[in-house]
Amino acid sequence: MIQTTCSLRVRYADTDPMKYVYYGNYARYLEVGRVELFRSIGIPYNEIENNGIWLPVSDYHIKYLKPARYDDLLEITTTLKKLPEIRIEFEYEIYNPKKEILSKASTTLYFYDAINKKITRCPDFIMQSIIKNWKTN
């Protein structure tokens, strides 16, 4: 398992007239969590793309439990619970400053070879970094 936590402050532009985070912005917050997880294992996201790999989202689920509000400093916990193959699956939890859970989510992405224009297995350079950083419970 690999797990990281990062922080993100809710901007005014992310909110609706009630100053709650507009539901469509949560996908961006999850992307921040994914990018930071890759960075934490030594692979900046642009390195993945520079190696000709794209990671399109194929599945996205979210459960909204409480609203995030303008100026909240959110904590996004991102977890990778199983080794990737053709797909890579992430789970997320978003917390407010009171440590209350606001939402739970999951995304599935697949590895796409941008040069050959086809789905591919997890590249070795990514798998090696994942295995190097893998922790058992």
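Since every read-out is calculated from the coordinates, none of them should be taken as a lab result. Values in this document were obtained by computation on a predicted structure and should not be read as measured data. Note that we place each Cβ from the backbone using ideal geometry, even for glycine, and neighbour counts take in every protein chain shown.
Tabulated results
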quantity	calculated
Residue of Gly33, Gly42, Gly24 that the Gaussian network model of the chain assigns the largest fluctuation, springs spanning Cα pairs under 10 Å	Gly24
Helix 124-133 vs. the chain, principal-axis angle (Cα, 0 to 90°, nearest 10)	60 degrees
Relative intensity, log₁₀ I(q)/I(0), of the chain from a Debye sum that treats every alpha carbon as a point, q = 0.09, 0.11, 0.16, 0.21 Å⁻¹	-0.28, -0.42, -0.83, -1.23
Ala68 long-range amide H proximity, modeled H, under 5 Å	Val21
From phi via Karplus (6.51, -1.76, 1.60), per-residue ³J(HN,Hα) for the range 75-91 in Hz, x at Gly/Pro	10, 10, 9, 10, 10, 10, 9, 9, 5, x, 10, 8, 10, 10, 10, 10, 10
Nearest 10 degrees, 0 to 90: helix 26-40 Cα axis against the chain principal axis	50 degrees
Label point distance in nm, Tyr64-Glu85, each placed 7 Å from Cα along Cα→Cβ	3.5 nm
FRET E, pair Ala114, Tyr12, Förster distance 30 Å, beta-carbon r, rounded to 0.05	0.25
Lysine pairs meeting the criterion (Cα under 19 Å, 8 or more apart or interchain), as found in the range 74-136	6
Value at 222 nm in deg cm²/dmol, rounded to 500, when DSSP H runs of n ≥ 4 in the chain each add -39,500 (n - 2.57)	-6500 deg cm²/dmol
